[in-house]
1. Going by what's in this entry, would A:LEU202 be described as assigned to a helix (DSSP H, G or I), assigned by the TED database to the domain that holds A:PHE64 and surrounded by 21 or more Cβ atoms within 10 Å (Cβ to Cβ)?
2. If A:ALA90 satisfies all but one of (1) buried (at least 19 other Cβ atoms within 10 Å of the Cβ); (2) in contact (Cβ under 8 Å) with a residue 60 or more places away in the chain; (3) not hydroxyl-bearing (Ser, Thr, Tyr), what's the number of the condition it fails?
3. Restricted to the range B:342-353, and to residues that are in contact (Cβ under 8 Å) with a residue 40 or more places away in the chain and outside any strand (DSSP E or B), which residue is most open to solvent (accessible area, probe 1.4 Å)?
4. Could you list, in sequence order, the residues of the range A:212-228 that are out of contact with any helix residue (DSSP H, G or I) (no Cβ under 9 Å at 6 or more places or on another chain) and either part of a helix (DSSP H, G or I) or of a type outside the set (S, T, N, Q) (or both)?
5. Can you tell me which residue in the range B:26-43 is surrounded by the fewest Cβ atoms within 10 Å (Cβ to Cβ), limited to those that are over 26 Å from the mean Cα position of the chain (by Cα) and in contact (Cβ under 8 Å) with a residue 12 or more places away in the chain?
6. A:LEU307 fails exactly one of the following numbered conditions: (1) under 28 Å from the mean Cα position of the chain (by Cα); (2) of a type in the set (A, V, I, L, M); (3) part of a strand (DSSP E or B). What is the number of that condition?
7. Just give me the residues in the range B:52-84 being farther than 19 Å from B:PHE260 by Cβ, within 13 Å of chain A (Cβ to nearest Cβ) and of a type outside the set (Gly, Ala, Ser), in sequence order.
8. Within the range B:252-267, can one find any residue that is assigned by the TED database to the domain that holds B:LEU154, buried (at least 24 other Cβ atoms within 10 Å of the Cβ) and more than 30 Å from B:LEU308 (Cβ to Cβ)?
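The values are calculated or read from the model by the stated rules, or taken from the named source; none is laboratory data. Since we're looking at a predicted model, the values are computed, not measured. Please note: Cβ atoms are built from the backbone with ideal geometry, for glycine as well, and neighbour counts cover all protein chains shown. Ligands, DNA and RNA are stripped out before the accessible areas are found, and what is left, the full protein with its side chains, is counted by its heavy atoms. Shrake-Rupley method; radii C 1.70, N 1.55, O 1.52, S 1.80 Å.
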There are 2 protein chains.
Amino acid sequence: MNDIPHQSGMIDIVDKGLGPLEEPLRPDDTAGLRWQLLREDLSLPAAVLYERRLANNLDWMQRFVSEYGLKLAPHGKTTMAPKLFARQLAGGAWGITLATAPQTRAAYQHGVRRVLMANQLVGKQNMTLIAELLEDPAFEFFCLVDSAASVDHLGRFFRARGQTIHVLLELGVTGGRTGVRDDAGLRAVLDALVQWHGTVALAGVELYEGVLTEEDEIRALLRRAVAITQELAQAGRFERQPAILSGAGSAWYDVVAEEFSKANIGAPLDIVLRPGCYLTHDAGIYQAAQTQIQSRNPIAHKMRAGLLPALQVWAYVQSVPEPGQAIVALGKRDTASDAGMPRPASHFRPGIQSKPSPAPAHWEVIRMMDQHAFLRIAPNDDLQVGDMLAFDISHPCLTFDKWRQIPVLDDAYQVIDVVQTFF
Amino acid sequence: MNDIPHQSGMIDIVDKGLGPLEEPLRPDDTAGLRWQLLREDLSLPAAVLYERRLANNLDWMQRFVSEYGLKLAPHGKTTMAPKLFARQLAGGAWGITLATAPQTRAAYQHGVRRVLMANQLVGKQNMTLIAELLEDPAFEFFCLVDSAASVDHLGRFFRARGQTIHVLLELGVTGGRTGVRDDAGLRAVLDALVQWHGTVALAGVELYEGVLTEEDEIRALLRRAVAITQELAQAGRFERQPAILSGAGSAWYDVVAEEFSKANIGAPLDIVLRPGCYLTHDAGIYQAAQTQIQSRNPIAHKMRAGLLPALQVWAYVQSVPEPGQAIVALGKRDTASDAGMPRPASHFRPGIQSKPSPAPAHWEVIRMMDQHAFLRIAPNDDLQVGDMLAFDISHPCLTFDKWRQIPVLDDAYQVIDVVQTFF
């Protein structure tokens, strides 16, 4: 990961959420920017990452997974930020998980050489993108199959090219998302794999437990996956050594770690967990999930200081048009609103205060439009046009994808890097 | 608009929704691509624009506004696509409306020379961005003020730079968004403008009626705006000739046209309408709004053939895991879901069919995740892995901002251009 190629775009002067730029900036040339958030050097709204919290989360999850002797392939679709992928890999991650062929290519272009695409690979141009990457023998890639049709789809394309593609058998549940539902579905996939032997190679078993909401159902699915993995190993069906067993989104990775770490298939096994949101965490749905994890999982409990929200969006008050209401220049274009509204965390008056103060607990975003947030305050609260507010967010994925550039701040609100995204 | 500078980025090979590219492409060099949607040349999911429908909508709205003798400044925040701005301006638009300083700069970089920023301009770096553009005497710019604080905020910054900024007085309603609520608020703004005379120059009056839902309330607000504009004109308060009177989002532009076209302030007046969504229209909230407009407005009624949905998102079926359910590789990362789920419009089986057929009316997206859509079908419907589906969308704004590149298709599904966005 030391020589990441820079074929990607420059940091463009027309992008939002940045400070003054005379000309497009090379993504690596961000060290000397000297942009300072509290000095109003950034155009707000701006999404920002906090370096100390990022580093904490990066380390925390790698240690957690290592405690179980497992491997980490963070889901990169959350951030789509190659600079963050590089830090995850440098910190010990086994690979990067992605959701689509273009995401995979964007990661490859920035130096990622092992991708678990936790999704079916469908369509001529998508398969072409992957086939081109597979011409690099240093690139290892896996995608999912969950039906004979999906195996046939890959088989026809890659046999015509004389290439082999490695797949994971995806297990699912009735009423869930993708994944084989039952033994008949499983047999159909295995039969199709025999037909396409040499072209579509089974490397392991995969599931996404996040479609379920109850712990006992999740444990049952995980145990089914372990049992099927054992059977397939004993039947000599895996064409990668070690075989792979993979699961875990950001809400149940502890339960997956517990169940999968007990697996014994009589042969080496790469057990790969794929949480994505841990890196920035949030102050909404994933904070709630993490609170559960810290209370129910002994290792997470022992590690105490857990994940910290590392992503915020800063914005200006643009109007206080009537008592009890402020309008903030922050909209659906700038932050997720599908899993709870952004929450005011800090308040800062430029030129007057020296540092932000916590936002009162009763300030609440009650509605968002494309470019505006409606903030309910108390009638006599001291909130003025030009005041800056930091918002905690819920659901980092749908916040990241609204920004092409995200400044990284140190403890003094100084910009020390700019992270590019490739959505 | 003939010599649009190309300081913007190239069409990058890592972007999603495109066809095969050997190397980054200049935005102008898209004519010879020969990508064909039905031949699966595009990586799906892909957002696409239909040229014939775009041209229809472009022409329809310009004719509608011209019938009333008014001016059009389409809201560019919808598409943030300079190639589309250029077509709107070439078609007769007076200027482009935008929502933020970075949006304004992106438009300027691509040749737009008159911007109505239908928003307050707040914050040092945002004001700096605009101040730099105002150094070009060919650039005309307006933003909104709705409080003495907002006037003071601009006054302090621009007086220090020795520049003049033109503003529109924004009118609002209690419980609405921004805008002065009452006479006391109005007087406070006017007094502040006196204090900052020579720096903050009043150019007109503005409102956004879309925060209201009832026609009689909207007409009352519009009449208040006309009355205030007359008073200010008679008092000699406007520092631009003609003064500007502006309103209208995409749902009530006909009512705004009716009311504003009756205004007589005894002096020339530029009446500027700002719909944005008409260009691509949709098959959801704005289709419903347009149906109302076609029925209630005599000119729209007379013009008959109205706006057509010009934006769709194509995606693959990736799994049919159980009877009655298909999973489509299309998620919240690819299309708006805040104003209704995307709706299956067409179905196409590559290599088998010669053209798409209409999707059955009972196919319905019942849930979306970041990268997946859950499609309810009938148990025996013929839908297979690898089938292509075109989805109509509701709310174009939050679909556009999920794509950096959008192919434009002719009637034969051939890509004839690629539109870049700058969100």
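1. Values: assigned to a helix (DSSP H, G or I): no; assigned by the TED database to the domain that holds A:PHE64: yes; surrounded by 21 or more Cβ atoms within 10 Å (Cβ to Cβ): yes.
Against the criterion (assigned to a helix (DSSP H, G or I), assigned by the TED database to the domain that holds A:PHE64 and surrounded by 21 or more Cβ atoms within 10 Å (Cβ to Cβ)), A:LEU202 does not qualify.
2. (1)
3. The residue in question is B:PRO350.
4. Taking the range A:212-228 first, the residues out of contact with any helix residue (DSSP H, G or I) (no Cβ under 9 Å at 6 or more places or on another chain) are A:213-214, A:216, A:220, A:224, A:227.
Those that are out of contact with any helix residue (DSSP H, G or I) (no Cβ under 9 Å at 6 or more places or on another chain) and either part of a helix (DSSP H, G or I) or of a type outside the set (S, T, N, Q) (or both): A:GLU214, A:ASP216, A:ALA220, A:ARG224, A:ALA227.
5. At the first step, the residues of the range B:26-43 found to be over 26 Å from the mean Cα position of the chain (by Cα) are B:32-36, B:38-41.
From what's left, in contact (Cβ under 8 Å) with a residue 12 or more places away in the chain: B:33-36, B:38-41.
Working: B:LEU33: 20, B:ARG34: 11, B:TRP35: 22, B:GLN36: 15, B:LEU38: 19, B:ARG39: 15, B:GLU40: 22, B:ASP41: 21.
Step by step, filter the range B:26-43, then rank; the result is B:ARG34.
6. Among (1) under 28 Å from the mean Cα position of the chain (by Cα); (2) of a type in the set (A, V, I, L, M); (3) part of a strand (DSSP E or B), A:LEU307 violates only (3).
7. Result: B:LYS77, B:THR78, B:THR79, B:MET80, B:PRO82.
8. no
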